[in-house]
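Derivation of every value follows stated rules applied to the coordinates shown; laboratory data play no part. This structure is a prediction, so every number in the text was calculated from the model and none was measured. Here the Cβ positions follow ideal geometry from the backbone for every residue, glycine too, while neighbour counts run over all protein chains shown.
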Amino acid sequence: MGTQNRDAALGAVADAVGGLMEFWGFKRNMGRMWTVLYLSSEPLSAADLCERLSLSTGAVSMTASSLARWGVVKKVSKPGDRRDYFEPETNIWKMVSRVFRDRELRQIDVAIESFKAARDALEEVIPRTSGSERKASEFALERINGLYELAVFGKGLLDAILSGKPFENPLKSLFRDVP
């Protein structure tokens, strides 16, 4: 009964991490596999992972390859054994910071560039318009400036978190109407 309880508890943790990974836009099985490896005291073979995760050999292979590309799982070998084994990255902050750098910061940079381009276009159009068209463009420009400030804030916050440096909040102007 002890082994069943342990396996159930470990399975529940793997499912919880899988759910978190899915929420962050990754595949659920990526989180489940990493967790099974993380909670194992020694590297596991593909066959071990198939059994523990109830996945096919192909699914384990594809998931392990994806995790290896993200740098959160690596192949290792055991002397005298020709099979590949897998072990997890155990530094959780290293994994999270890599995702922030490779995914979130890149997306924020894309948004900042889009906001800049839209601002430039509106700043060019506004002087040549009048009446309601000008008013609508000025309104949109003000809102885009707020989005730009928010994106710059987000980038600064992520940069500060990743570098450990202090961070100054430039968003005060977005909340000037809040009592």
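Rounded to the nearest 500, what is the chain's calculated 222 nm mean residue ellipticity when only DSSP H runs of at least 4 contribute -39500 (n - 2.57) each, over all residues?
Values: 7 runs with 116 residues, N = 179.
Roughly -21500 deg cm²/dmol at 222 nm, from the helical runs in the chain.
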- Going 7 Å from the Cα of VAL13 toward and past its Cβ, which residues in segment 43-73 have a backbone nitrogen under 17 Å from where you end up? 43-44, 49, 52-53
- Residue (of LEU44, PHE153, VAL17) at the positive-pole extreme of the chain, dipole from beta-carbon charges: LEU44
- Task: Give the distance, in whole Å, between the Cα centre of segment 76-155 and the Cα centre of segment 21-68.
- Result: 29
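Give me the extension gain from ARG128 to GLN4: residue separation times 0.36 nm, minus the current Cα-Cα distance, reported in nm with one decimal. Could you put the intermediate results ahead of the total?
Numbers: separation 124, 0.36 × 124 = 44.64 nm, distance 7.39 nm.
That pair, ARG128 and GLN4, stretches by 37.2 nm at full extension.
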- Message: With +1 on the Cβ of every Lys and Arg and -1 on the Cβ of every Asp and Glu, and nothing else charged, how large is the dipole of the chain about its Cα centre, in debye rounded to the nearest 20?
- Response: 260
- Task: Taking P(r) over Cα pairs in 5 Å bins from 0, in percent as the quantity of interest, determine which of [x] 1, 7, 12, 14, 12, 10, 9, 8, 7, 6, 5, 4, 2, 1, 1, 0, 0; [y] 1, 8, 16, 20, 21, 18, 11, 4, 1, 0; [z] 1, 8, 14, 18, 17, 13, 9, 6, 4, 3, 3, 2, 1, 0, 0, 0 was computed from the displayed structure.
- Result: [x]
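Give the calculated FRET efficiency between ILE161 and LEU20 to the nearest 0.05, with a Förster radius of 22 Å applied to their Cβ-Cβ distance.
Details: r = 18 Å, r/R0 = 0.82.
E between ILE161 and LEU20, to the nearest 0.05, is 0.75.
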- Residues of segment 87-115 with backbone N under 19 Å of the label point set 7 Å from the Cα of GLU51 along Cα→Cβ are 87-88
